[in-house]
Amino acid sequence: MRKKIVAGNWKMHKNYKEGIDLIESCIRLFEKEKNKTTEIIFCTPFIHLHKASKLTDEHKHIHTGGQNCHWEEQGAFTGETSCAMLKSCGASFVIIGHSERRMYFNETHEQLAKKVDSALKHNLIPIFCCGEPLEIREANTHLELISKQIRESLFHLSKEQISKTVIAYEPVWAIGTGKTATTEQAQEMHAHIRKALAHQYDLETATNISILYGGSCKPSNAKELFSQPDVDGGLIGGAALVAEDFIAIANSF
Ligand code: PGA
C-alpha cells in the first residue's frame, strides 16, 4: 500500500530559532492526532536539519529531508551538500528537481538523474519534482513535458530503485501564486504519471509509488485534492511555515 505523505518545503525561510520553534509546534499539534495515517516530512534549510532530526527521531510518522543535494560524494564544490552529509544529519528524504532549482540554478535532466542515483545510494528517499510552466499548459503539451521529465531523470532506475522514490507533481503556475490546480487537473496528471510508471515498470510498482501534489495547497483545498484516487498527499511551500496550517493539511485525508 502506498503511503500518504505531507512534506513541507520550507525553501529559504526561517532562521535557526524560528525553524526549531516551528518544528516543535508542529510535533505538538501532530501528536494530538491519535490515528495517524500520514507521514509528515520537514524539508528544512540545511542549518536546521541536524536538530530537526534529533527532535523528530522518536516520532515514528515524522521525518526530515533536505531540499537539494549534490551528486558527488565530496570535493571542491563550494556551497554544495552531498547526500552522505544529509544522511549524517539524520535526513531520510531529499527534494530533487524542484522547479525553482530547475529555473534559477539551471538544473538539467542529466544532473537530476545523478542526484537521484546518489540519494538512493545513501538510502535517502528522493522526492522527485516535475511540473510544467504556464505556457506549456496553455499550449496543451503538459502531459508530454511531464513524461519527458520523469523519463529522463527516473526511468534509468531499476524496479527496486523506483519503488523507493516519491514523485511530486507541481505545476509551476500554481507554486506560490495562490492559484491551485483543479482537482481534475491534478488527478489527470497524477493518473498520467502512474500510467507512465506502469508502462515502464509494471502495474504493481506504479500502484505503490506515492505521488504528491504541490502548488498553493492549503487547509482549505487539501481535503478535496487528497480525495482524488491518484493524489497521495502534498508538497507544501507557504502553508508549511505555519504550524496550524501544515498540520491541518496533514490531517486532511
Ligand atoms: P507553495 O509551494 O505551496 O507555496 O505553492 C509549493 C512548492 O514549491 O513546493
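Percent of accessible area on the chain owned by carbon and sulfur, 1.4 Å probe? Walk me through the intermediate numbers first.
Values: 6240 of 11760 Å².
Exposed carbon and sulfur together represent 53 percent of the surface.
Once you've got the Cα coordinates, tell me which of LYS11/LYS195; LYS4/LYS195; LYS3/LYS121; LYS114/LYS179 are over 25 Å apart. Pairs exceeding 25 Å: LYS11/LYS195; LYS114/LYS179. Taking a Cβ cut-off of under 10 Å around CYS89, the surrounding Lys, Arg, Asp and Glu residues balance to a net charge of +3, with basic ones at +1 and acidic ones at -1. Choose one answer from ILE167, ILE27, ILE95: the residue with the largest mean-square fluctuation in a GNM of the chain with alpha-carbon springs under 10 Å. Of ILE167, ILE27, ILE95, the most mobile in the Gaussian network model is ILE27.
With a cut-off of 16 Å, note down the residues of region 156-178 whose backbone N falls inside the zone around a label point 7 Å from the Cα of GLU135 toward its beta carbon. Once the point is set 7 Å along Cα→Cβ of GLU135, 172-173 turn out to lie under 16 Å by backbone N, inside region 156-178. Express in whole angstrom the spacing between the alpha-carbon centres of region 17-44 and region 63-127. Answer, in whole Å: 23. Taking every C-alpha pair closer than 8 Å and separated by at least 6 residues, the mean separation divided by the residue count of region 1-81 gives a relative contact order of 33 percent.
Result for the chain in a Gaussian network model with C-alpha springs under 10 Å: among GLY19, GLY131, GLY233, the largest mean-square fluctuation is at GLY19. Quote the FRET efficiency, to the nearest 0.05, computed for SER163 versus ASP21 with a Förster distance R0 of 41 Å and r equal to the Cβ-Cβ distance. Calculated value: 0.70. Excluding same-chain neighbours fewer than eight residues apart, the aspartates and glutamates reachable from LYS34 by a Cα-Cα span under 19 Å are GLU24, ASP57, GLU58, GLU244, ASP245. In the context of the full protein assembly, GLU224 retains an accessible surface of approximately 110 Å², using a probe radius of 1.4 Å and ignoring ligands and nucleic acids.
Across region 64-79, coupling constants 3J(HN,Hα) worked out from phi with the 6.51/-1.76/1.60 Karplus curve, θ = phi - 60°, read 10, x, x, 9, 5, 7, 9, 8, 7, 6, 6, x, 7, 10, 3, x Hz, and Gly and Pro carry x. Debye-formula intensities of the chain, expressed as log10 I(q)/I(0) at q = 0.10, 0.11, 0.13, 0.17 Å⁻¹, are -0.43, -0.53, -0.76, -1.37 (one equal scatterer per alpha-carbon, no solvent).
Using helices alone, what [θ] at 222 nm do you get for the chain, with -39,500 (n - 2.57) per DSSP H run of 4 or more residues, divided over all residues and rounded to the nearest 500? Could you put the intermediate results ahead of the total?
On the way: 12 runs with 112 residues, N = 253.
Rounded to the nearest 500, the figure is -12500 deg cm²/dmol.
Estimated at the nearest 10 Å², the accessible area of LYS164 is 120 Å² with a 1.4 Å probe.
The values are calculated or read from the model by the stated rules, or taken from the named source; none is laboratory data. Given the structure is predicted, the values throughout are model-derived calculations rather than measurements. So basically every Cβ, Gly included, is an ideal-geometry build from the backbone, and we count neighbours across all protein chains shown. Protein only, heavy atoms only, side chains kept; ligands, DNA and RNA dropped before computing areas. Shrake-Rupley method; radii C 1.70, N 1.55, O 1.52, S 1.80 Å.
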